[in-house]
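A quick write-up on the structure given underneath.
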Amino acid sequence: AAARAVARRSRRIFDIFVADVPWTVSNKELKEYFAQFGSVQRCQLPFDKDTGFHKRYCWIKFSSPEDVQNVLQKDSHILEGAKV
């Protein structure tokens, strides 16, 4: 039971949802921007198979809840002139 509890704890997810991502912003740019707030584990920027464009939203996965708090403490996030 103890080993299972440790494994469960280590799989906690610290994700944020980011909406209104400009068409011109790439996965790499999102990772670079959010890295200033903490350790970015993954950036999921889904694409539309029909259009080839991303869907203008993403999930950013961080290493810790502190990283997420760092993001949330900033009033607004601007990427390429647009508030996300």
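The values are calculated or read from the model by the stated rules, or taken from the named source; none is laboratory data. Keep in mind that this is a model prediction, so the values were computed, not measured. Using ideal geometry, Cβ is built from the backbone for each residue, glycine included, and neighbour counts are taken over all protein chains shown.
Only a single criterion out of (1) under 13 Å from residue 84 (Cβ atoms); (2) touching a residue at least 24 places away in the same chain (Cβ under 8 Å); (3) not small (Gly, Ala, Ser) is not satisfied by residue 53, namely (1). Look at the stretch 62-74: where a residue is of a type in the set (A, V, I, L, M) and a partner is part of a helix (DSSP H, G or I) and surrounded by 13 or more Cβ atoms within 10 Å (Cβ to Cβ), sitting 6+ places away or on another chain with Cβ atoms under 8 Å, you get 71/34; 71/37.
Residues in the stretch 1-49 that are out of contact with any helix residue (DSSP H, G or I) (no Cβ under 9 Å at 6 or more places or on another chain), modelled with pLDDT under 95 and of a type in the set (D, E, K, R) were compared, and the one that is farthest from residue 68 (Cα to Cα) is 49.
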